[in-house]
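Enquirer: Quick one: this structure, given as structure tokens, is what I'll be asking you about.
The values are calculated or read from the model by the stated rules, or taken from the named source; none is laboratory data. Only a predicted model underlies this, so the values are computations on that prediction, with no experimental measurement involved. Don't worry about glycine lacking a Cβ; one is built from the backbone with ideal geometry, like all the others, and counts go over all protein chains shown.
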Amino acid sequence: MSRALQDIISELEQDRSLSEPDRLRERSEVLDSLETWRHGSLPHDVHAEAAVEAGLRHRIEALCAALESIDGQLCRSIRQDIRNGSGAHRLLEWARAAAVGRDAGAEVRGDSYDHLDELISGVLQIDEPEVPLAGLAAEMVFYQPTPARHIFDMAARTALDERDVLIDLGSGLGQVPLLAAICTGARCIGIEWEAAYVECARRCAHALNLDRATFVQGDVREADLSAGTAFYLYTPFKGTMLREVLDRLKAEAAGREIRICTLGPCTATVAQEKWLQVAGSWEIHRPAVFRSA
Ligand SMILES: C[S@@+](CC[C@H](N)C(=O)[O-])C[C@H]1O[C@@H](n2cnc3c(N)ncnc32)[C@H](O)[C@@H]1O
């Protein structure tokens, strides 16, 4: 086994294609496969020879560090483009490439993450909250970010432009408004209960010069929704809270046409609303888009 491991490492060390910036997915797979050996135990027979073990550990660490450094450079250059206002095409290229690379027909769980999420995390570099969270009330759903592929999918299917205001209802750390502001012409607002998340999202928007992404702390049930032309819900709440917010959206739709995009279990509830029509096809593992009638 130690021989086999050494052969694998040698092969990876010589694989120059891994240094090409667009081999992000391949680098991610290699880093995943080396994770156990990098931080855990090596195959049993490697332990027999301390020098072999130390040498192998050193090579694994150097290989991982080299691959991470390429990813780091890639993320820094995309961040710079975003700051200069030209990040959209870079991110959209990555999103397209990732969509092509996904196995056609293979069922991908709607809430699973992939190498596109690793790229987005490196690009946005959203901080962790520095202060304790306030805690959620009953029926509020804890924070979980929308997988990046769904954000690009939603932005493409809603064709958001300068006339639009996208409001993410329960925006967490702000990934949806941030990416939508980078990749579309829309003004993007996140409304979030947890003040600590709002601060993190604001810092990220500021660091990336994203004036069109703003964040409001508050309860969606009481927030101002009057500017929104498109609303996004990644199942932020359930039960009577969801009912109350849907009634508020219905009232907004009495004055203008709005679109509502959903992901996760709340989609089934939203689909029952008589004042909404589903736009296009609705697939269980993708965001659904509804239009007010
Ligand atoms: C599943 S996460 C979605 C996060 C984000 N929209 C995304 O897709 O990446 C739900 C978020 O909604 C927030 N939330 C739940 N109830 C809320 C309410 N009534 N008002 C504001 N935010 C709420 C939670 O704190 C959490 O951050």
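Enquirer: Out of (1) more than 13 Å from the ligand (Cβ to nearest atom); (2) surrounded by fewer than 24 Cβ atoms within 10 Å (Cβ to Cβ); (3) in contact (Cβ under 8 Å) with a residue 40 or more places away in the chain, the odd one out for Ala195 is which?
Expert: Of the numbered conditions (1) more than 13 Å from the ligand (Cβ to nearest atom); (2) surrounded by fewer than 24 Cβ atoms within 10 Å (Cβ to Cβ); (3) in contact (Cβ under 8 Å) with a residue 40 or more places away in the chain, the odd one out for Ala195 is (1).
Enquirer: Here's a follow-up. Go through the stretch 242-255 and give me each residue that's out of contact with any Gly (no Cβ under 9 Å at 6 or more places or on another chain) and of a type outside the set (A, V, I, L, M, F, W, C).
Expert: Arg243, Glu244, Asp247, Arg248, Lys250, Gly255
Enquirer: How many residues does the stretch 110-143 contain that are surrounded by fewer than 20 Cβ atoms within 10 Å (Cβ to Cβ) and assigned to a helix (DSSP H, G or I)?
Expert: Total satisfying the criteria: 4.
Enquirer: If you check Ile60, Ile82, which single one turns out to be surrounded by 14 or more Cβ atoms within 10 Å (Cβ to Cβ) and either touching a Phe, Trp or Tyr at 6+ places or on another chain (Cβ under 6 Å) or modelled with pLDDT under 95 (or both)? Give the steps one after another, and end with the answer.
Expert: Details: Ile82 fails: either touching a Phe, Trp or Tyr at 6+ places or on another chain (Cβ under 6 Å) or modelled with pLDDT under 95 (or both).
Sole residue among the options that is surrounded by 14 or more Cβ atoms within 10 Å (Cβ to Cβ) and either touching a Phe, Trp or Tyr at 6+ places or on another chain (Cβ under 6 Å) or modelled with pLDDT under 95 (or both): Ile60.
Enquirer: Here is a further query. Exactly one of (1) in contact with a helix residue (DSSP H, G or I) (Cβ under 7 Å, 6 or more places away or on another chain); (2) crowded, with 23+ Cβ neighbours inside 10 Å; (3) under 16 Å from Ile82 (Cβ atoms); (4) not basic (Lys, Arg) is unmet by Pro177. Its number?
Expert: Evaluating Pro177 over (1) in contact with a helix residue (DSSP H, G or I) (Cβ under 7 Å, 6 or more places away or on another chain); (2) crowded, with 23+ Cβ neighbours inside 10 Å; (3) under 16 Å from Ile82 (Cβ atoms); (4) not basic (Lys, Arg) leaves (1) as the failure.
Enquirer: Take the stretch 223-256 and flag every residue that is within 20 Å of Leu173 (Cα to Cα) and out of contact with any strand residue (DSSP E or B) (no Cβ under 6 Å at 6 or more places or on another chain).
Expert: Looking only at the stretch 223-256, we keep the residues that are within 20 Å of Leu173 (Cα to Cα), and these are 223-225, 228, 230-238.
Correct list: Asp224, Leu225, Thr235, Lys238.
Enquirer: Looking only at the stretch 164-185, which residues are within 10 Å of the ligand (Cβ to nearest atom) and either out of contact with any strand residue (DSSP E or B) (no Cβ under 9 Å at 6 or more places or on another chain) or at negative phi (or both)?
Expert: Pass one, the stretch 164-185, residues within 10 Å of the ligand (Cβ to nearest atom): 168-179.
Those that are within 10 Å of the ligand (Cβ to nearest atom) and either out of contact with any strand residue (DSSP E or B) (no Cβ under 9 Å at 6 or more places or on another chain) or at negative phi (or both): Asp168, Leu169, Ser171, Leu173, Gln175, Val176, Pro177, Leu178, Leu179.
Enquirer: Need the failing condition index for Glu222 against (1) near the ligand (Cβ under 9 Å from one of its atoms); (2) farther than 30 Å from Gly85 by Cβ; (3) surrounded by 15 or more Cβ atoms within 10 Å (Cβ to Cβ), just the number.
Expert: (3)
Enquirer: What's the number of the condition Gln277 fails, among (1) in a strand (DSSP E or B); (2) under 30 Å from Cys75 (Cβ atoms)?
Expert: (2)
Enquirer: So Ala148 fits all but one of (1) crowded, with 24+ Cβ neighbours inside 10 Å; (2) closer than 20 Å to Ala288 by Cα; (3) in contact with a strand residue (DSSP E or B) (Cβ under 7 Å, 6 or more places away or on another chain); what number is the exception?
Expert: (3)
Enquirer: Please work out which residue is nearest to Arg57 (Cα to Cα), limiting yourself to the stretch 12-43 and to residues that are assigned to a loop (DSSP other than H, G, I, E, B) and modelled with pLDDT of 85 or more. Let's see the steps before the verdict.
Expert: Start the filter on the stretch 12-43 by keeping residues that are assigned to a loop (DSSP other than H, G, I, E, B), which leaves 15, 20-23, 40-43.
Subsequent filtering for residues that are modelled with pLDDT of 85 or more retains 15, 20-23.
Numbers: Asp15: 19, Glu20: 24, Pro21: 25, Asp22: 27, Arg23: 24 Å.
Among them, the one singled out is Asp15.
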